[in-house]
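Asker: Input: one structure, supplied below.
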Amino acid sequence: MTLDHIALMVGAGVLYALIVPARWRGWVLLVASIGAVYWLQPALNVRWMDYALPTLTLVIALVGWAATRPRQVAITGEDRLVVLLVVAVALLIAATRTVNVPFALTSRPPPFDVVLVGAVIAGALVLAVARLPQSRASAGLLTALIGLFIVIKTDPFITAVSAFIRERVGQAPELASPLDLGWLGFSYVAFRLIHTIRDRQSGKLPALSLRQYLTFIIFFPALTAGPIDRAERHLRDDEALADMRRYDADRFAEAGGRIASGLFKKFIIADSLAAFSLSAVTVEQATTTGGMWLLLYAYTLRLFFDFSGYTDIAIGIGLLFGFKLPENFNRPYLKPNLTAFWQSWHITLSNWVRFYVFMPLTRALLRRRWPNQAVILCGTLATMLIIGLWHGVTWPFFIWGLWHGVGLFAHKVWTDRTRGWYRDLRGRPRLAQLWHGVGVAITFHFVALGWVWFALPRTDQAIGAFALLFGIAS
């Protein structure tokens, strides 16, 4: 999000609270979220893609509802109205290709006949999924999301897709690059969809109308950088919209405080640190061990202030619209061990992988009578590798996930073997305080060193950075 995006969202949030009638709040929020999917998508080099990708986000969300909708519940008139609303917005935006408008949500869309054909295909897909048995529909969508995720996050795959599309739309395929198809918000949309699929399969997903479901999946304050909300929590806030007071000084003050905090973190601290943070460019310029440590510390702090700043902004804007998004950070760099760090860093992502990767995998391995230590090791490695590859299917992200997986397992082994010693520390407060400080320092530096793999796109650069950090190279 840019400052312009944030300013417009804040203004819209204040007007929404003050003037939108209670019975229309949910509908206005849905329309705003649909429009924001297009508005927030950056312009792309491949023709029509900054229209096609947001539209595909909406189609996938509709398919998600069709797949997870209880088959015994009839489709209502309100649900049909939502479908018509989505189609109408998509067609109106497509019409801006031939009609001059002062404020376009996207750059030049495809020809109108192409959009109409796409709408028919998308409608047929949604209807087909809605008529499938729920088990088949959910399994099919889950498989498709994982496959799509792998393609999008793997540079050679997405480059090949870009080259294919370029050929079809009359652009040079040899100019294809992974940046051509930067699909805004797909990672977060996919994780919310998988959450609803898995919770429907386990019988935990609450009943959601199409309006509620679609708003949950594409809720625009959390579209670009999270946090990853849960459907049941979102539903509670949605159902309370009618009772939200027009002017609530406490809510406005809390929202304003979070937004101001986020703006300061992101645009003052994080952006100031960017000039001397570790990157593919600055790593080549570092010539001393001290200089490399400075780059690493700056990157470590920048990453926190950048990400937590965006989270604060999202939470503040969400409050203006009546939704209290979950917290995502809780002073992670001040935690005394790696387990506590991951309970405090990107909390909603950590919870997601724990619910949908770690717990199902470890339960399955325990049923097969694997040794407890092997179960914990496999579950931890799988969880952290998925978090790493979620950022991109590359060797550096794989190694970063492995780094944290091994670190978490090592901490588990250490904790199991030193329980008695930690119990004794309770009676020695000064020593306990000293050990807490040592733990914070060790954890901070373990995490910071791990960011080397995260920050640098090539393994040879990361290895060179480690060599300079520890004085092995000059």
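Asker: Obtain the nm distance between the two label points defined at Asn330 and His391 by a simple spin-label model: each point lies 7 Å from its Cα along the Cα-to-C-beta direction.
Answerer: Once both label points are built, they end up 2.2 nm from each other.
Asker: At a Förster distance of 22 Å, what's the computed FRET efficiency of Ala374 paired with Arg419, Cβ-Cβ distance as r, to 0.05?
Answerer: 0.60
Asker: Something else about it: What stretch of the chain, leaving out the sites themselves, is the longest with no chymotrypsin sites (Phe, Trp or Tyr not before Pro) in a DSSP loop having at most 15 other Cβ atoms within 10 Å?
Answerer: 248-469
Asker: With a cap of 14 neighbouring Cβ atoms within 10 Å, and only residues DSSP puts in a loop, list the trypsin sites (Lys or Arg not before Pro) found in region 366-419.
Answerer: Qualifying residues, ordered by number: Arg368, Arg369.
Asker: Amide H neighbours of Phe329 under 5 Å, counting only residues 5+ apart in sequence or on other chains, H built in-plane at 1.01 Å?
Answerer: Ile347
Asker: For the charge dipole of the chain, defined by +1 on Lys and Arg C-beta atoms and -1 on Asp and Glu C-beta atoms about the Cα centroid, which residue among Ser135, Leu456, Phe307 has the Cα displaced farthest towards the positive pole?
Answerer: Comparing the listed Cα positions along the dipole, Ser135 ranks first.
Asker: Enumerate by residue number the trypsin sites (Lys or Arg not before Pro) in region 37-96 meeting two conditions: DSSP loop (anything except H, G, I, E, B), and at most 16 other Cβ atoms within 10 Å of the site's Cβ.
Answerer: Passing both the DSSP loop test and the Cβ count: Arg71.
Asker: Let me ask something else. With everything on Cα atoms, drop me the angle between helix 49-68 and the longest principal axis of the chain, reported from 0 to 90° to the nearest 10.
Answerer: For 49-68 against the chain, the angle is about 90 degrees.
Asker: Find which of Gln343, Ala190, His411 sits farthest along the positive direction of the dipole of the chain, computed with +1 on the beta-carbon of Lys and Arg, -1 on that of Asp and Glu, about the Cα centre.
Answerer: Highest projection toward the positive end goes to His411.
Asker: Testing the spin-label approximation: label points 7 Å from Cα along Cα→Cβ at Trp24 and Thr289. State their distance in nm.
Answerer: 6.7
Asker: For a quick check of your reading of the filter: which trypsin sites (Lys or Arg not before Pro) in region 207-295 sit in a DSSP loop and have no more than 13 other Cβ atoms within 10 Å?
Answerer: Loop-located and lightly packed - Arg245, Arg246.
Asker: Can you work out the FRET efficiency for the pair Arg71 and Lys204, with r the C-beta to C-beta distance and R0 = 22 Å, to the nearest 0.05?
Answerer: 0.85
Asker: Starting from the Cα-Cα distance between Phe355 and Phe112, subtract it from 0.36 nm times their residue separation and give me the gain in nm to one decimal.
Answerer: So the chain would gain 83.2 nm between Phe355 and Phe112.
Asker: By how many nm would the segment from Arg236 to Val151 lengthen if fully extended, with 0.36 nm per residue of separation less the alpha-carbon distance?
Answerer: The span from Arg236 to Val151 would gain 27.1 nm if fully extended.
Read-outs throughout are calculated quantities, based only on the coordinates presented, and are distinct from any laboratory measurement. All figures in this text were calculated on a predicted structure; none of them were measured in a lab. Positions of Cβ are generated from backbone atoms using ideal geometry, with glycine treated the same way; all protein chains shown enter the neighbour counts.
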